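Colleague: The structure is given below, and queries will be raised subsequently.
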Amino acid sequence: MKAGTLHTKNWRRLQEWRARLPHALLLSGERGLGKLDLAFAFAASLLCETPREEGASCGECLACRWFSQGNHPDFRLLQPAALQTEEAEDRKSARGGNAGDGEGKGEKEKSTRGKQQITIDQVRELDEFLCVGAHRQKSRVILIHPAERLNREAANALLKMLEEPPHEVLFLLVSSEPMRLVPTLRSRCQNLRLSLPPAAEGETFLTAAGLRDAATWLALAGGAPLLALQLAEKTADWQPLLTEALQCGERLDALSAAARLEKSLKTVKGENPLPQFVDWAQKWLADLNLAAQNLPIRFYLGERAKIMALAKKSLPVSLARFYRQLLQLRRESAHPLNLRLFLEQFFLDYRALFPEEE
Ligand SMILES: [Zn+2]
């Protein structure tokens, strides 16, 4: 199982719990670590009727076939309605927020917000599932993701269930923001916090997933393998344009770079790409800041020489200031008033980091 190979230590830990399953388990950790994959793999392994060594599901028995088709009678997945629709449309971008098309606000906005949550009705629907015993004489699993999206009523209803835990049922909660869970709920869960897997493990995983330049992508994702995969898949035409412009330093033609980027960003369908644009720029600046202090860079490993050279041409204090400025730009990027102006300002400010040589 691929998530098993990525988090070997955590996988073993989960398998140790298998003999005496807790009633509720919370898998937490940063975004992009593969928590959800790990949770699915664990659920599959619990339901599998002929598990392999290390507990991995066989992928062949009846239970495994049902599970992979999404209709195992002893498994339930609770997630916000919006995520289900998104997933149906595009499984890969399911983790993003609500793209919104700017039409029919008001009512629609309200109902969209409702769809972003896990509601009490969804939790109540579990009653029936819990009343009937297991179909296949094994455990039953309820996977809740992302658990922080349980609204308050839903969380309370869930707590009630956990006060008198049904026999042989595992509530498997997955969350990138566990602090947003109701504390009483959190305290009822056995917590397994995933940390970044060792770089070598992440690279092996990415290479096996067919990614070239695994090390580069892993670095760009701050070490989170699933995020690296997402970034690589979502990389659009504008990304190399941005890197190219940033590399120019004092030779940057800010206005024409803004024009090129605007044209390319406008071809992006769906989600507003600007926050991601600022993320990439922030990483570039983070590297410049590191290089300016003679520290090893973290993200743009392939551009190390260029970044080192640029860092020498700028003042550490201006680099640090611009980095802070980007934090503000990141907020604005969600709703830019004017894309072209936004980009022009960005590139002009960036260009100003590198004074002309006398
Ligand atoms: Zn199986």
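The values are calculated or read from the model by the stated rules, or taken from the named source; none is laboratory data. Predicted model only: the values in this text are computed from it and were never measured. Every residue, glycine as well, gets a Cβ built from its backbone with ideal geometry; the counts of neighbours run over all protein chains shown. For accessibility, only protein heavy atoms count, side chains too; no ligands or nucleic acids. Shrake-Rupley method; radii C 1.70, N 1.55, O 1.52, S 1.80 Å.
Colleague: Being open to solvent by 50 Å² or more (accessible area, probe 1.4 Å), at pLDDT below 90, touching a helix residue (DSSP H, G or I) at 6+ places or on another chain (Cβ under 8 Å) and acidic (Asp, Glu), is that true of even one residue in segment 31-39?
Modeller: No, because not a single residue in segment 31-39 is open to solvent by 50 Å² or more (accessible area, probe 1.4 Å), at pLDDT below 90, touching a helix residue (DSSP H, G or I) at 6+ places or on another chain (Cβ under 8 Å) and acidic (Asp, Glu).
Colleague: Looking at segment 128-222, what helices (runs of 4 or more DSSP H) fall wholly within it and have at least 2 residues that are touching a Phe, Trp or Tyr at 6+ places or on another chain (Cβ under 6 Å)? Full working, then the answer.
Modeller: Numbers: elements: 152-163, 183-187, 199-208, 214-220.
Filter on segment 128-222 gives 214-220.
Colleague: Of all residues in segment 180-208, which are in contact (Cβ under 8 Å) with a residue 12 or more places away in the chain, within 27 Å of GLN230 (Cβ to Cβ) and surrounded by fewer than 16 Cβ atoms within 10 Å (Cβ to Cβ)?
Modeller: ARG180, ASN191, ARG193, SER195, ALA199, ALA208
Colleague: Going through ARG152, ARG124 one at a time, which residue ends up being open to solvent by 20 Å² or more (accessible area, probe 1.4 Å) and under 19 Å from LEU26 (Cα atoms)? Let's see the steps before the verdict.
Modeller: Working: ARG124 fails: under 19 Å from LEU26 (Cα atoms).
Of ARG152, ARG124, the one residue that is open to solvent by 20 Å² or more (accessible area, probe 1.4 Å) and under 19 Å from LEU26 (Cα atoms) is ARG152.
Colleague: Given the structure, is LEU159 more than 9 Å from LEU78 (Cα to Cα) and not acidic (Asp, Glu)?
Modeller: So LEU159 fits the description; yes.
Okay, residues lined up against (1) over 18 Å from VAL169 (Cα atoms); (2) assigned to a helix (DSSP H, G or I); (3) near the ligand (Cβ under 8 Å from one of its atoms); (4) under 19 Å from the mean Cα position of the chain (by Cα):
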| position | (1), (2), (3), (4) |
| --- | --- |
| GLU16 | no, yes, no, no |
| ALA19 | no, yes, no, no |
| LEU25 | no, no, no, no |
| LEU33 | yes, no, no, yes |
| LEU36 | yes, yes, no, yes |
| ALA41 | no, yes, no, yes |
| GLU60 | yes, no, yes, no |
| ALA63 | no, yes, yes, no |
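Colleague: Could you tell me which of the residues VAL268, VAL278 is open to solvent by less than 40 Å² (accessible area, probe 1.4 Å), touching a residue at least 24 places away in the same chain (Cβ under 8 Å), within 28 Å of LEU227 (Cβ to Cβ) and among the β-branched types (Val, Ile, Thr)?
Modeller: Going through VAL268, VAL278 in turn, the sole match is VAL278.
Colleague: Something else now. Can you tell me which of (1) more than 23 Å from GLU203 (Cα to Cα); (2) within 14 Å of the ligand (Cβ to nearest atom); (3) at pLDDT 90 or above; (4) open to solvent by 10 Å² or more (accessible area, probe 1.4 Å) is the one GLU53 doesn't meet?
Modeller: It is condition (3) that GLU53 fails.
Colleague: For segment 223-237, how many residues meet the condition of being buried (at least 16 other Cβ atoms within 10 Å of the Cβ) and assigned to a helix (DSSP H, G or I)?
Modeller: Final tally of qualifying residues: 8.
Colleague: Sticking with this structure for a sec: In this structure, does GLU86 turn out to be within 16 Å of the ligand (Cβ to nearest atom), modelled with pLDDT under 90, assigned to a helix (DSSP H, G or I) and under 27 Å from the mean Cα position of the chain (by Cα)? Show your work before the answer.
Modeller: Details: within 16 Å of the ligand (Cβ to nearest atom): no; modelled with pLDDT under 90: yes; assigned to a helix (DSSP H, G or I): yes; under 27 Å from the mean Cα position of the chain (by Cα): yes.
So GLU86 fails the test.
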